[in-house]
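Below you'll find the structure, written out as structure tokens, and then a few comments.
The values are calculated or read from the model by the stated rules, or taken from the named source; none is laboratory data. Worth saying up front: this structure is predicted, and the values here are computed from it rather than measured. We place every Cβ from the backbone using ideal geometry, glycine too, and count neighbours over all the protein chains shown.
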Amino acid sequence: MKNILLSFCFLGTVSGLRAEDGHQLWLRPHAATPVTVVAPAKNSVLLATARQELQQGWQGRAGATVTLALKKDKAIRYDGFRLSTQSVQANTERGILYGVYELLRRQQTGQALADGISNPSYEHRLLNHWDNPDGSVERGYAGQSIFWRKDSALVVTKRDQKLWQEYARANASIGINGSVLNNVNASPLILSAEYLGRVKAIADALRPYGVKTYLSVKFSSPVLLGGLKTADPLDPAVIKWWQSKAKEIYQQVPDFGGFLVKASSEGQPGPQDYGRTHADGANMLADVVRPYGGLVMWRAFVYSPSDKDRAKQAYNEFVPLDGKFRDNVIVQVKNGPVDFQPREPFSPLFGALKKTAVMPEFQITQEYLGHEIDLAYLAPMWEECLQSDTYQAGPGSTVARCTDGSVYRQAHSAMAGVSNVGLDTNWTGHDFAQANWYAFGRLAWNSSTKSAQIAEEWLKLTFQNAAAQPAASAADWNAKFLTPVTQLMLASREAIVDYSMPMGLHHIMSATHGHYGPGPWWGPPGMRADWTPPYYHQAAANGVGFDRTKTGSDAVSQYHEPLASQFNDPATCPDQYLLWFHHLPWDFKMKSGRTLWDELALHYDRGVQQVRQFQRTWDQAQPYVDAERFGAVQNKLRTQSGNAVMWKDACLLYFQQFSRMPIPAAVEPPM
Ligand code: GCW
């Protein structure tokens, strides 16, 4: 009782701190009512965490008793749980913890609690951090790494531990159970004894929240770190080196999750350097970690300048290897066939492999969707991918079902998200980018959750009772804040598609500004063609778009019917993928009756108008938000609004030199 009261007083003070508003994420302190927790008499850190969370966050009847029960139940899968108002039952301790978070979430968001089971869609739900040992973060927009520091890199401070703990707690609260601590463009240093010491310290901080630690490894580590002459995966000395490295890792981190590998991709070393296949490389590492129960996640993000259509390459390299991978290898595939663009059709690899586990990789960090400046709620993009039908085993073979083991059973299933977390006070740079971290966890837990539901939940957890002025009534808050801001979030990704790369355009961003802003013209002499926008948009006097039809690059044939035929014909290809699959004349007649050029201009304009609408919506929300977050978001929307105009003007003026057609009257003229 004393503890409960103490924590109550403590939380009361913290909630008053302005600077903490962003830092608390969706786990804002609440004045808890007393609760008695009955738990198995086990000396377990996870159960201790669960108990503590209940006591700190309980919003139910004062004096209620909640029972935590570890009991085998065949209907509960992985770390799933069975929930009722008074109890959480699970097969694993993690399951108990997740059940507790769900119980608290329902209390805090006022959702009814129907007794029932909640099972995760995927066994492994991982964040991938593209963090480098020097503390920088590749494609990171929220400051330096939370894990690595340039100065005194290997000294673990109390502050580090506290931060890692908060990070782990946030992950646990949304079901994330693994973190890859370093960049896929991996430094061999990460496997050195010094760095492994810090890996152990991080793993120790994450463990009480059920988050396993993984590392990205450089394929040539045996050469670069071990001094061997080769990294050939079939060479006995190489195998031995990895075996002893694995032993060293598992001595430090007994529950180490395994390796993530980017190999033979974008200049990274790999098995192909030695005339071996991806399967040879992945299997060697899989055998090395198998005795410890480890996994290998092998990325399929591969392409080379020689290939005529980059979008086809991963499929071409991996499909012949189906059935050749060990069962503790998962092939990790980006949602689209090119590279995390604002919109891509799903990667055909999802529907292609039958005997190989395949996992989706989403990008939470906004490399191509406006960095820390633009407000982009990404759940609709991921939902679009997960719910796309691959037709792999007939209708209903969605990407979700092809990757969670429903279509073809695999030994393991997983989903990964490239993290947007950094040292910034609010963790993610933009306050609304926290929603993407949250949404990733919620979708990895249940891939059929609707984006709207996740947005509402997140807004309630993150902004309720954060008013600048005294409490609004619930009805008022719902009508004036929750509903319009949910709408804003749901429309935000499509707005970015519209003002940057509508109708299937892709990869036309500026390379000189780190993939922020327009650059359809970009292509310095000598640059690899497949890194320049003109390779992708193919704009010329005769039209625009990449011809991937049967008479073009034939990428359409990597999709099952009826998609292949549907994509192949401009009359049936969805407008949103039109210029992804087709090169069409500027005066091509769209389904709307307009010319392609007019339609394109309208999309660009619509995107700009949308952002202006977001600004108005947010301005109206002022009474319901603390001043700090209100101002931060308002400023960012202002910048985004100007940048949206820049996108529109730059792209329309650039494409107009080929179309030679006037800007339609309905469109605001370029500045
Ligand atoms: O999207 C591209 C990024 C690279 C990244 C690469 C990858 C980590 O521009 O920064 O490298 O993809 O996913 O491997």
- Message: Tell me yes or no: at least one residue of segment 257-271 is at pLDDT 95 or above, away from the ligand (no atom under 16 Å from the Cβ) and touching a Ser or Thr at 6+ places or on another chain (Cβ under 8 Å).
- Response: yes
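Looking at the structure I just gave you, is F581 surrounded by 16 or more Cβ atoms within 10 Å (Cβ to Cβ) and either at pLDDT below 95 or within 26 Å of the chain's Cα centre (by Cα) (or both)?
Yes: the conditions hold for F581.
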- Note on the structure: Picking from A564, A601, A571, A540, the residue that is within 18 Å of S347 (Cβ to Cβ) and of a type in the set (A, V, I, L, M) would be A564
- out of contact with any strand residue (DSSP E or B) (no Cβ under 9 Å at 6 or more places or on another chain) and not assigned by TED's automatic domain parsing to the domain that holds A541, is that true of A666? yes
- Query: What about M590, is it of a type in the set (A, V, I, L, M) and free of Cβ contacts under 8 Å to residues at least 24 places away in the same chain?
  - Reply: yes
- Task: Tell me, please, whether a residue that is away from the ligand (no atom under 13 Å from the Cβ), of a type in the set (D, E, K, R), surrounded by fewer than 21 Cβ atoms within 10 Å (Cβ to Cβ) and over 24 Å from S565 (Cα atoms) can be found in segment 355-369.
- Result: yes
- Item | Residues located in segment 342-354, provided they are away from the ligand (no atom under 16 Å from the Cβ) and small (G, A, S) | G351, A352
- Query: Where residues in segment 374-400 are β-branched (V, I, T) and out of contact with any His (no Cβ under 7 Å at 6 or more places or on another chain), which of them is nearest to the ligand (Cβ to nearest atom)?
  - Reply: V399
- Taking segment 415-429, which residues are assigned to a strand (DSSP E or B) and either more than 16 Å from the ligand (Cβ to nearest atom) or more than 8 Å from the chain's Cα centre (by Cα) (or both)? M415
- Task: Being farther than 22 Å from H412 by Cα and under 29 Å from the mean Cα position of the chain (by Cα) narrows it down to one of G197, G257, so name that one.
- Result: G197
- Query: Does at least one position in segment 118-129 carry a residue that is more than 24 Å from A414 (Cβ to Cβ), within 16 Å of the ligand (Cβ to nearest atom) and either surrounded by fewer than 22 Cβ atoms within 10 Å (Cβ to Cβ) or assigned by TED's automatic domain parsing to the domain that holds F362 (or both)?
  - Reply: no
- Query: From the list R82, R94, which one is under 26 Å from I454 (Cβ atoms), in contact with an Asp or Glu (Cβ under 6 Å, 6 or more places away or on another chain) and of a type outside the set (V, I, T)?
  - Reply: R94
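Listed here are the residues, each with its yes/no results for (1) within 16 Å of the ligand (Cβ to nearest atom); (2) at pLDDT 95 or above.
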| site | (1), (2) |
| --- | --- |
| V288 | no, yes |
| V296 | no, yes |
| V302 | yes, no |
| S306 | no, no |
| A311 | yes, yes |
| N316 | no, yes |
| Q332 | yes, yes |
| F340 | yes, yes |
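What are the residues in segment 386-414 that are in a loop (DSSP other than H, G, I, E, B) and of a type in the set (D, E), if any?
Matches in segment 386-414: D404 only.
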- Can you tell me which residue within segment 481-518, out of those that are within 16 Å of the ligand (Cβ to nearest atom) and without any contact (Cβ under 8 Å) to a residue 60 or more places away in the chain, is surrounded by the most Cβ atoms within 10 Å (Cβ to Cβ)? S510
- Message: Please pick out the residue among R616, R612, R629 that is free of Cβ contacts under 8 Å to residues at least 12 places away in the same chain and not aliphatic (A, V, I, L, M).
- Response: R616
- Query: Within segment 619-632, can one find any residue that is part of a helix (DSSP H, G or I), surrounded by fewer than 20 Cβ atoms within 10 Å (Cβ to Cβ), out of contact with any strand residue (DSSP E or B) (no Cβ under 9 Å at 6 or more places or on another chain) and among the aliphatic types (A, V, I, L, M)?
  - Reply: yes
- Quick one: would you say V302 is without any contact (Cβ under 8 Å) to a residue 40 or more places away in the chain, out of contact with any His (no Cβ under 7 Å at 6 or more places or on another chain), over 23 Å from K240 (Cβ atoms) and of a type in the set (V, I, T)? yes
- So which pairs qualify, if the first residue must be in segment 103-126 and farther than 15 Å from N446 by Cβ, the second must be at pLDDT below 95 and in a loop (DSSP other than H, G, I, E, B), the Cβ gap must be under 7 Å, and the two must be at least 6 apart or on different chains? Q107/Q59; Q107/G60; Q108/H30; Q108/Q59; L113/T85
- Search segment 265-288 for residues being touching a residue at least 40 places away in the same chain (Cβ under 8 Å) and of a type in the set (G, A, S), and hand back the single one that is surrounded by the most Cβ atoms within 10 Å (Cβ to Cβ). A282
- Please indicate, with yes or no, whether at least one residue in segment 134-145 is within 16 Å of the ligand (Cβ to nearest atom), outside any loop (DSSP other than H, G, I, E, B) and either among the polar types (S, T, N, Q) or modelled with pLDDT of 95 or more (or both). yes
- Give the residues of segment 178-192 that are within 27 Å of R94 (Cβ to Cβ) and either of a type in the set (A, V, I, L, M) or touching a Gly at 6+ places or on another chain (Cβ under 7 Å) (or both), sorted by residue number. G178, V180, L181, V184, I190
- When segment 322-354 is checked residue by residue, the ones that are polar (S, T, N, Q) and either more than 30 Å from Y292 (Cβ to Cβ) or surrounded by fewer than 24 Cβ atoms within 10 Å (Cβ to Cβ) (or both) are N328, N335, Q341, S347
- Odd one out for A193 among (1) at negative phi; (2) within 16 Å of the ligand (Cβ to nearest atom): (2)
- Going by the conditions given, is A564 touching a residue at least 60 places away in the same chain (Cβ under 8 Å), assigned to a helix (DSSP H, G or I) and among the aliphatic types (A, V, I, L, M)? no
